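Sharing a structure here in structure tokens format.
The values are calculated or read from the model by the stated rules, or taken from the named source; none is laboratory data. Predicted model, so just to flag it, every value in this text is computed and none were measured. Reconstructed Cβ throughout: ideal geometry from the backbone, glycine too, with neighbour counts over all protein chains shown. These accessible areas exclude ligands, DNA and RNA; they are computed on the full protein's heavy atoms, side chains included. Shrake-Rupley method; radii C 1.70, N 1.55, O 1.52, S 1.80 Å.
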Amino acid sequence: MIRSINTLNRNMNILQKKQENTSNNIANTNTPGYKYQEIVQSTMENHTMVNYTEGRQASSRRELGNWVFGNEIDQVYTNTDQGQFVETGDPLDYAIPDRSYFSVDLAGGERAYTRNGNFALDADNRLVTMEGHQVVGTLADGTESEILLDQNGNIQNGARLQLVQFPEGAELERIGDTLFTDPAGVGQVVDGEAVKGFLEMSNVIVADEMVRLIQIAREFEANQKALQTSDETLSKAVNDIGRV
Amino acid sequence: MFSALGIGRSGLHANQYKLDSVADEIANVGTDGYKKSNVSFQELLPGEDVTLGTKAGIKKLDFSQGVPRETGYRWDFAIEGDGFFSLVNADGDAFFTRDGAFQLSQEGTLVDYAGNALVVEYNQDLEEIPVDTMQVNAEGGISGVVDGEVVQVGRIPLFMPENPQQMIHIGEGKFLPAAGDQVFNSVDNPEMFGSINQGFLESSNSDLTRAMTEMITAQRAYSLNSQAIRSTDDIMRMINEMKR
């Protein structure tokens, strides 16, 4: 009985996490380059439950079967489907038609990757992200360089925006600001051209998120009902059994 | 603590900000020299498992050309191409504007509607020249006719900071160049600047159709976020009702 309360508690914690995740996807429906996340849950490893009816010494060991202590979050999965392209006409906006990513230099010298092509000009006329991280370009001879622009957003130093592709299933780490890092170092620079004047919007599917909101609330309700029932049964066991 | 409410709130804030900007653009559809600004969204930093919402407010100033509108008035100027008029207020502070509606002050200088002086290199006093004969050419040169002879009265220089995106918008269509940013003028670098059209004003560069669609998107995103908050509220109520 007390076990059931524990199991339900675990479930509710997962549902709360899912609610946070759905809220977050909803909050980012208009964030360019945002990739929605899904929380995948799984049942925990099962354990064999054993009952010794007449005490351990009497060795009347009775196997009750396998027991699962509840569910847990298996993984938080980032869906990398392409978002819709929107024509902005802004010469500082770029979108990638294939599955590659833009390379960006972080302040600490670390390399990050993004699908968010909503760029700006910094004080030295370099192409930077909205947070001021420098966008990495490739020169014709293959060396890396910064990207210098003129007032009208035309590239001055002959560099192209560097595009990097990751093999299917590569584990990219999400660091916020629609940036990802590649801890395994599996990214490959590829030949490709980003489209100027377009932005890739968020890939959140609003209707799905809406359905998820309902689903989570109802699942939570069901768990709460189950919890109340357990509580009532427990109350019977504690207060009523044995009453003359 | 359960952060879904905070995430929903971040979505409300961001979309509110977007709506403010869109409202500003719509309100200024008839303001001469108005330059719209674009609000974009960005994902926040990741918390435990999921990202903690969205933010907005990183603005890009959009200096795209507004359509020149003929007024026929002598002291109305529209810049076609790059550049800004420079104004000096009573305290001697200089700022830039694209709004070319000027008038002749009692002192015989060109001022805007609020009495801020337009920066002009005068060769001689405007008062000595018959007003009806004064012409302003594409380079900003002011000429007049005195006793049948053409006299060069002065020149209206245009200015351009090295990085217009870094300018500070101080309202009323006025911009301050960022501290330390190099400022070019049309006397030394004529090739960088557009031309001045006398008798024209530059209309607002508001894009009403786009603003309206952006308003609808932002409004819907706003309600979506409030829906997420409501659903989170339901869950929290259920938590509170667990023990009756």
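Take A:R62 and B:M236, extend 7 Å from each Cα along the Cα→Cβ direction, and tell me the distance between the two endpoints in nm.
Label-label distance for A:R62 and B:M236, simple model: 4.7 nm.
Here is a further query. With every protein chain present, what accessible area does A:K18 have (1.4 Å probe, heavy atoms only), rounded to the nearest 10 Å²?
The accessible area comes out at roughly 40 Å².
Counting only protein chains, not ligands or nucleic acids, how are B:M236, A:M12, B:M212 ordered by accessible area (probe 1.4 Å), most first? The partial results should precede the final answer.
Numbers: B:M236 40, A:M12 15, B:M212 90 Å².
Largest to smallest exposure gives the sequence B:M212, B:M236, A:M12.
Would you mind checking A:K35/B:K35; A:K18/B:K18; A:K17/A:K225 for any pair whose Cα atoms are more than 23 angstrom apart?
Working: A:K35/B:K35 32 Å; A:K18/B:K18 27 Å; A:K17/A:K225 20 Å.
Beyond 23 Å between Cα atoms: A:K35/B:K35; A:K18/B:K18.
Let me ask something additional. Full extension from A:S145 to A:A222: what is 0.36 nm times the residue separation minus their Cα-Cα distance, to one decimal in nm?
Details: separation 77, 0.36 × 77 = 27.72 nm, distance 5.68 nm.
That works out to 22.0 nm of additional length.
Quick check: pseudo-label points 7 Å beyond the Cα along Cα→Cβ at A:E193 and A:V50, how many nm apart are they?
Between A:E193 and A:V50, the label points sit 7.1 nm apart.
Using Cα centres only, tell me the gap between segment B:13-64 and segment B:140-176 in whole Å.
One Cα centre to the other: 31 Å.
Which residue, A:I175, B:S195, B:A90, has the largest displacement toward the positive end of the dipole of the protein assembly as shown when charges sit on each Cβ (Lys, Arg +1; Asp, Glu -1)?
A:I175
So, one more: So how do A:T88, A:T53, B:T209 rank on accessible area, 1.4 Å probe, biggest first, that is with the largest at the start?
Values: A:T88 40, A:T53 80, B:T209 105 Å².
I get B:T209, A:T53, A:T88, largest accessible area first.
Then there's this: So what's the projected area for segment B:44-189, the Cα convex hull averaged over all directions, in nm²? Each step should come with its number before you reach the end.
On the way: hull surface 48.9 nm².
Over all viewing directions, segment B:44-189 projects a mean Cα-hull area of 12.2 nm².
Let me ask another. Would you work out the Kirkwood radius for segment B:50-120? I mean one over the mean of 1/r across all pairs of different Cα atoms, in Å. Present the calculation step by step, with values, prior to reporting the outcome.
Values: mean 1/r = 0.0681 Å⁻¹.
When all Cα pairs of segment B:50-120 are included, the Kirkwood radius is 14.7 Å.
Using only alpha carbon positions, build the gyration tensor of the protein assembly as shown, then give the equivalent ellipsoid semi-axes as the square roots of 5 times its eigenvalues, largest first, whole angstrom. Walk me through the numbers before you get to the answer.
Values: eigenvalues 827, 137, 46 Å².
Taking √(5λ) for each Cα gyration eigenvalue gives 64, 26, 15 Å.
Let me ask something else about it. Place a +1 charge on the Cβ of each Lys and Arg in segment A:85-200 and a -1 charge on the Cβ of each Asp and Glu, then give the dipole magnitude about the Cα centre in debye, rounded to the nearest 20. Intermediate results must be reported in sequence, preceding the final value.
Working: 7 positive and 21 negative charges, 16 e Å.
Using only the charged Cβ atoms, the result is roughly 80 debye.
So, in Å, what gap is there between the alpha-carbon centers of segment A:120-194 and segment A:44-110?
29
Could I ask something else about it? Compactness ratio of segment A:70-119: Cα Rg over 2.2 N^0.38 Å, N = residue count?
Details: Rg = 15.4 Å, N = 50, 2.2 N^0.38 = 9.7 Å.
Normalised Rg, Cα atoms only: 1.58.
Between B:D132 and B:E80, what's the calculated FRET efficiency when r is the beta-carbon distance and R0 is 22 Å? Round to 0.05.
On the way: r = 25 Å, r/R0 = 1.14.
With a Förster radius of 22 Å, E is 0.30.
Ignoring ligands, DNA and RNA, how do A:E219, A:E232 rank by accessible area with a 1.4 Å probe, largest first? Before the final figure, lay out each step's value.
Numbers: A:E219 70, A:E232 110 Å².
Descending accessible area places them as A:E232, A:E219.
Then there's this: So what's segment A:85-200 giving for Cα Rg divided by 2.2 N^0.38 Å, two decimals? Provide the component values of the computation, followed by the final result.
Details: Rg = 13.3 Å, N = 116, 2.2 N^0.38 = 13.4 Å.
Working it through for segment A:85-200, the quotient is 0.99.
Amide H of A:Q162 versus every other amide H placed in the peptide plane: which residues, excluding those fewer than 5 positions away on the same chain, fall under 5 Å?
Those lying under 5 Å, H to H, from A:Q162 are A:S103, A:V136, A:G137, A:T138.
Could you calculate the FRET efficiency of A:V186 with B:V146 from 1/(1 + (r/R0)^6), where r is the beta carbon distance between them and R0 is 60 Å, rounded to 0.05?
Numbers: r = 78 Å, r/R0 = 1.29.
The pair A:V186/B:V146 has a calculated efficiency of 0.20.
So what is the accessible area of segment A:85-200 per residue, in Å², with the probe set to 1.4 Å?
Working: 5140 Å² over 116 residues.
Roughly 44 Å² per residue, with all protein chains present.
On to the next question. What's the whole-number percent of alpha carbon pairs in chain A lying beyond 22 angstrom?
Values: 19434 of 29646 pairs.
Tail of P(r) above 22 Å: 66 percent of Cα pairs.
I'd like the carbon and sulfur percentage of the solvent accessible area for segment B:33-166, probe radius 1.4 Å, heavy atoms only, ligands and nucleic acids excluded. Working shown, then result.
Numbers: 2770 of 5930 Å².
Taking all protein chains in place, segment B:33-166 shows 47 percent carbon and sulfur surface.
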